[in-house]
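Trainee: Just passing along the structure, written as structure tokens.
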Amino acid sequence: MDKELKELLTHARARIGSVNTTKDLDQVYIEIFGKSGEFTTLTKQLGQVPKSKRPKIGQLLNEAKKEIEQHLEKKRSALSAGRSATPIDITAPGEKTKIGHLHLVSQAIEEIVSIFKQLGFSLQSYPEVEWDWYAFETLNMPKNHPARDDWETFFIKSKPHPNLGNQVLTPHTSNGQVREMLRVKTPPIRMLNIARCYRRQIDISHTPMFHQFEGLLVDKNVSIPDLKGTFDYFTTRFFGPERVTRLRQHHFRFTEPSFEVDVTCGVCMGRGCRFCKSGWVELGGSGMVHPRVLRAGKIDPEVYSGFAFGWGIERTIAMKTNIGDIRLLYQNDIRFLEQF
Ligand code: DAH
């Protein structure tokens, strides 16, 4: 029995050493420890061994079993380690990590701020949830005035303020004008107010939430050429030197005179095309600050004058990049956004 056990051990070691797959290893296990396996057969013979020798042989059998099992275990882990370790090609070029970039609107805001900073305008921030007083009343649009209709306003369900009226989602950045005058008190004022605005409107060129940038300059002897010069400077810096502006007369309650500012179309450069028809595209509103607005801001219109403008950022971006539908800006489609 001693001899047979030794033979079995040698045989088992050799068999285990020679297999290359775990499936073959399972087969070897069965051949040794299975129902009619070599080891099992040997254990069955223990009964025939003289009683006195049984404990000794039993012990040897146990030791042999342990040893074979250890071999099997070692082989199994060696085989599975080999399978999971993927070969690495250290010469292959690496994959670049994708880094995102600022949203088109944020990029435009940064650019607009840096252009106006160079003209001495400083960025201010005024409430998005605003009182009727600053959004309309102080801008020469009294209660029930029909001009208010153009601002398709969202109202907040809240208790009206005894002096400032209802709360609204600000429909434009002009709400910052009188707030800025009251803050600075004595001109000169050079404010840039950039904020989210809200109006009940949605189509190819409107979204219910959009951004505006508002400029306000108040000082002594400010006149229309100052306004025009500022727009020309902005236009060449933002759109490029080949684009020019023109003023078209218009009406706003808070400016007198009032203008719409047009820029030559970026597609046809002013010749006239299907997109713009006339060669011009509209940038936004502007004008010389109305004396009543100055007075609401506690500034004497006999001493000071000023100009103001308020333009949509999404619209301005659309005029620069020629994107057809500004709603694309807020659909968060990576295929659109990564183009900029
Ligand atoms: N607040 C106006 C709007 O949202 C735009 C505007 C027009 C702003 C004339 C101004 C201005 O400051 O002077 O349509």
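The values are calculated or read from the model by the stated rules, or taken from the named source; none is laboratory data. Everything quoted here is computed from the prediction, not taken from an experiment. In this analysis, Cβ positions are derived from the backbone assuming ideal geometry, glycine residues included, and neighbour counts consider all displayed protein chains. Note: areas computed on protein heavy atoms with side chains; ligands, DNA, RNA excluded. Shrake-Rupley method; radii C 1.70, N 1.55, O 1.52, S 1.80 Å.
Trainee: Residue by residue through the range 183-194, what is 3J(HN,Hα) from phi via Karplus (6.51 cos²θ - 1.76 cosθ + 1.60, θ = phi - 60°)? Round to whole Hz and write x for glycine and proline.
Mentor: Result, ordered by residue: 6, 6, 6, 10, x, x, 10, 9, 9, 10, 10, 10 Hz.
Trainee: Excluding residue 249 itself, what net charge comes from residues whose Cβ is under 14 Å from its Cβ, given Lys and Arg +1 and Asp and Glu -1?
Mentor: -1
Trainee: Going by a ≥ b ≥ c, the root eigenvalues of the Cα gyration tensor, does the chain fall in the rounded group (a/c under 1.5), the prolate group (a/b larger than b/c) or the oblate group?
Mentor: Note, shape of the chain comes out prolate.
Trainee: Relative to the Cα centre, what is the charge dipole magnitude of the range 17-146, using +1 at the beta carbon of each Lys and Arg, -1 at the beta carbon of each Asp and Glu, and rounding to the nearest 20 debye?
Mentor: That gives the range 17-146 a dipole magnitude of about 1760 debye.
Trainee: Along the charge dipole of the chain, Cβ charges K/R +1 and D/E -1, which of 194, 171, 28 sits furthest on the positive end?
Mentor: 28
Trainee: Could you size up the charge dipole of the chain around its Cα centre, putting +1 on the beta carbon of Lys and Arg and -1 on that of Asp and Glu, and report it in debye to the nearest 20?
Mentor: Roughly 1400 debye for the chain.
Trainee: Roughly how many Å is it from the Cα centre of the range 262-305 to that of the range 21-96, as a whole number?
Mentor: Each part reduced to its Cα centre gives a spacing of 88 Å.
Trainee: Could I ask something else about it? Just add up the charged neighbours of residue 262: K/R +1, D/E -1, any other residue whose Cβ is under 14 Å from the Cβ of residue 262.
Mentor: The answer is +3.
Trainee: Work out the length of the dipole vector of the range 250-340 about its Cα centre, built from +1 on the beta-carbon of each Lys and Arg and -1 on the beta-carbon of each Asp and Glu, and round it to the nearest 20 debye.
Mentor: 140
Trainee: How large is the accessible surface of residue 26 in square angstrom, using a 1.4 angstrom probe and rounding to the nearest 10?
Mentor: Probe radius 1.4 Å; accessible area of residue 26 about 70 Å².
Trainee: Using a 1.4 Å probe over the heavy atoms of the protein chains, calculate the carbon and sulfur portion of the accessible area of the chain as a whole percent.
Mentor: Ligands and nucleic acids excluded, carbon and sulfur reach 53 percent.
Trainee: Could you list which residues have their amide H under 5 Å from that of residue 279, counting only those 5 or more apart in sequence or on another chain, with H placed in the peptide plane?
Mentor: Answer set, sorted by chain and number: 272, 273.
Trainee: Provide the per residue accessible area, probe 1.4 Å, for the chain, rounded to a whole number of square angstrom.
Mentor: 58
Trainee: Lys and Arg at +1, Asp and Glu at -1: add these up for the other residues within a Cβ distance under 15 Å of residue 124 and post the number.
Mentor: Every neighbour counted, the sum reads +2.
Trainee: Further question on the same structure: Count neighbours as other Cβ atoms within 10 Å of each site's Cβ, and list the trypsin sites (Lys or Arg not before Pro) in the range 138-204 that are DSSP loop with at most 13 such neighbours.
Mentor: Passing both the DSSP loop test and the Cβ count: 143, 157, 185, 200.
Trainee: Order these peptides, 267-273, 130-136, by their mean beta-carbon neighbour count within 10 angstrom, highest first.
Mentor: Taking the mean over residues of other Cβ atoms within 10 Å, the ranking is 130-136, 267-273.
Trainee: For the chain, set up a Gaussian network in which alpha carbons nearer than 10 Å are linked by springs, and say which option among 108, 308, 81 fluctuates the most.
Mentor: Comparing 108, 308, 81 in a Gaussian network model of the chain, the most mobile one is 81.
Trainee: Can you show me the helix-derived [θ] at 222 nm for the chain, built from DSSP H runs with n ≥ 4 at -39,500 (n - 2.57) apiece and divided by the number of residues, rounded to the nearest 500.
Mentor: -11500 deg cm²/dmol
Trainee: Sticking with this one: Could you work out the percent of alpha carbon pairs in the range 2-80 separated by over 18 Å, rounded to a whole number?
Mentor: So the portion of pairs separated by more than 18 Å is 40 percent.
Trainee: Below 8 Å, C-alpha to C-alpha, sequence gap of six or more: please give me the relative contact order for the chain in percent.
Mentor: Normalised by residue count, the contact order of the chain is 14 percent.
Trainee: Still on this structure, I have one more. Give 23/44; 157/185; 44/75; 6/53 a once-over and call out the pairs whose C-alpha atoms are over 24 Å from each other.
Mentor: As for pairs spanning more than 24 Å Cα to Cα, those are 23/44; 157/185; 44/75.
Trainee: Within the range 12-119, list the GluC sites (Glu not before Pro) lying in a DSSP loop whose Cβ has at most 10 other Cβ atoms in a 10 Å radius.
Mentor: Within the range 12-119, the qualifying GluC sites (Glu not before Pro) (loop, at most 10 other Cβ atoms within 10 Å) are 95.
Trainee: For the charge dipole of the range 235-307, defined by +1 on Lys and Arg C-beta atoms and -1 on Asp and Glu C-beta atoms about the Cα centroid, which residue among 251, 276, 241 has the Cα displaced farthest towards the positive pole?
Mentor: 276
Trainee: Sticking with this one: Along the positive direction of the dipole of the range 2-80 (beta-carbon charges: Lys, Arg +1; Asp, Glu -1; about the Cα centre), which of 47, 14, 60 reaches farthest?
Mentor: Farthest towards the positive end: 47.
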